[in-house]
Amino acid sequence: MRIKAALGAWLLAITLAWLAVVPPDFGVAPLVDAQGAATGWWQLRQHTIYLTGLWSIGLMSLALLLALRLPWLERPLGGMDQVYRLHKWVGIGAAATAVAHWGAKESSGWIKALWGRAGKPAHDAVLPWLTDSRGFAKDLGEWAFYLLLAMVLITLWQRLLPYRRWRIVHRAMPLLYLALVFHAVALMPLAFWALPLGLLMGGLLALGSAAALWSLAGWIGLRRQHAARIEALTLLGSGADAPLEVTLAMPPSWPGHRAGQFAFVRFHAAEGAHPFTIASAPGALGANTRGEPLLRLVIKPLGDYTRTLHGRLHAGQGVSIEGPYGRFDARGHAARRQVWVAAGVGVTPFLALLEARQPGAAGRRGGSAPVQMHYCTRDAQRDPLLARVQALCAQAEPPVELRVYSQAQGQLLQPQDLEGSGGPLDIWFCGPQGLGDALDAHAARRRPWRVHRESFAMR
Ligand SMILES: Cc1cc2nc3c(=O)[nH]c(=O)nc-3n(C[C@H](O)[C@H](O)[C@H](O)COP(=O)(O)OP(=O)(O)OC[C@H]3O[C@@H](n4cnc5c(N)ncnc54)[C@H](O)[C@@H]3O)c2cc1C
């Protein structure tokens, strides 16, 4: 909802600013005049080219700003995972509007074929020092457009490129953006630089360009990175899918975290930072003999890199950790009943939230109302985390009533299973996309339900 609202508000602001600089009648009627000149069609084409171009570059500027991982964006958008979701949808929106921009430009062939060139407006005046760059700016824009489409395609069609390689390719986006900024500045009509559109677009292009340079310099999140060390490693259970528990000793610079937050962790310099939930409550693990506070990660071998971690990590190894981020803190509305739904590795934020409810926990910030927790696991008999979840629920204060669904025993959670909880619900969900979507769809029908989701996918 917040994502749709943010996207809608952004496009509306650009559209309103554009409306202030175009003639009130748009000059499109009649589409074809008495002499057979398609003046109206040419004007319509012109307006479409400009408006879709403004939308596209405006959305791209927003995508660049969102990629900066600015902590103050977490509150309005509901956490850094949601900031990334918005970044993804803004990128898709930028590509869709770029397709419309390209289509409008290409429509000249059809208009010419049907009605001829008569009525086609002359080129608009542009910034005087860029008048001679028209041809170059057009070609640059066209090539950048093709590359942008390819980038969105490989982002959405995930099988085409594994995440690791996609990430490297994706790092070229700021360069593409800078090329498109040149295209926009060189071809935007002089009249568009008038207020309010000139101020809006000038500001967006300047901020977006600064963000692109910041990203190319590798400065994103730099000030929130801390040098930690691996204190201990424990393989939980046996078998290829056994999760790895990593205990980290944190430096004095670490600002601390709230239960339910996550961090970007880089174990190896050659590998990008991966997001992992901090699966312990603040202070729950105490400190090591050197007085360094400890925190815990629980990592499931879900992909190419995480599958190799068990053999590649060792105690004493240096680790870069950036954060903390996220607002998955189970602080809901007092008038709603709290329901937690954890599935698979999505249990990690709940481990921290449960620890925050243990007697004597520092600050006891795991929420003040009783909770019903639904935990979905592949096989309850083999789940190495289940005993811990049960023990934490048994001692939680305020109480947490636990229900376990074991897929191996044919027990699958259905959204209707939450109905028994009665009244308006505050649902905190972390788990697979499919179950989250089913909960969302059910909650939309049961209006008083509200679903808070932690998204484990950033692509
Ligand atoms: C907010 C958040 C919290 C998470 N908490 C946990 C946790 O507590 N325990 C746990 O086991 N897993 C957690 N994950 C998932 C974990 O980040 C991925 O499983 C891991 O990064 C996969 O890496 P891979 O190279 O092994 O997998 P790959 O096969 O390369 O990728 C699988 C998928 O993992 C995601 N991914 C991979 N690399 C990155 C990256 N560098 N940055 C962002 N996403 C990436 C992508 O969506 C990708 O499609 C969390 C993810 C998010 C977004």
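Out of residues 5 or more away from Leu402 or on other chains, whose amide H comes under 5 Å of its own, with H placed 1.01 Å from N in the peptide plane? Placed amide hydrogens put Met373 under 5 Å from Leu402.
When exposed loop sites are taken as chymotrypsin sites (Phe, Trp or Tyr not before Pro) in a DSSP loop with at most 12 other Cβ atoms within 10 Å, the longest stretch of the chain clear of them is 220-459. Counting only whole DSSP H helices of the chain, the ones at least 20 Å long by C-alpha along their axis and with mean Kyte-Doolittle hydropathy no lower than -1.0 are 2-19, 39-66, 80-106, 134-156, 173-187, 197-216. Rolling a 1.4 angstrom probe over the protein heavy atoms with all chains in place gives segment 337-453 an accessible area of 45 Å² per residue. Between Ser320, Gln225, Asn288, the Cα set farthest toward the positive side of the dipole of segment 222-325 (charges on each charged residue's Cβ, about the Cα centre) is that of Gln225. Surface composition of segment 69-170: carbon plus sulfur atoms hold 65% of the accessible area, using a 1.4 angstrom probe and ignoring ligands, DNA and RNA.
Cross-link partners of Lys300 among aspartates and glutamates, defined as those whose alpha carbon lies under 18 angstrom from its own and excluding same-chain residues fewer than eight positions apart: Asp241, Glu245, Glu271, Asp379, Asp383, Glu454.
Straight-line cross-link partners of Lys105 among the aspartates and glutamates, defined as a Cα under 18 Å from its Cα and at least 8 positions apart when in the same chain: Asp124, Asp139, Glu142. Segment 223-245 and segment 292-312 have Cα centres lying 4 Å from one another. Placing unit charges on the Cβ atoms of the charged side chains and taking the dipole of segment 222-325 about its Cα centre, the candidate lying farthest along the positive direction among His310, Leu236, Phe276 is Phe276. Report, ordered by chain and residue number, the lysines lying within cross-link reach of Lys88, taken as a straight Cα distance under 21 Å and ignoring same-chain residues fewer than 8 apart. Straight-line reach from Lys88, under 21 Å: Lys4.
Mean sequence separation of contacting Cα pairs (under 8 Å, at least six apart), scaled by the length of segment 19-124, corresponds to a relative contact order of 38 percent.
The values are calculated or read from the model by the stated rules, or taken from the named source; none is laboratory data. Model, not experiment: these values are computed from the prediction. With ideal geometry, Cβ positions are generated from the backbone for all residues, glycine too; neighbour counts draw on all protein chains shown. For accessibility, only protein heavy atoms count, side chains too; no ligands or nucleic acids. Shrake-Rupley method; radii C 1.70, N 1.55, O 1.52, S 1.80 Å.
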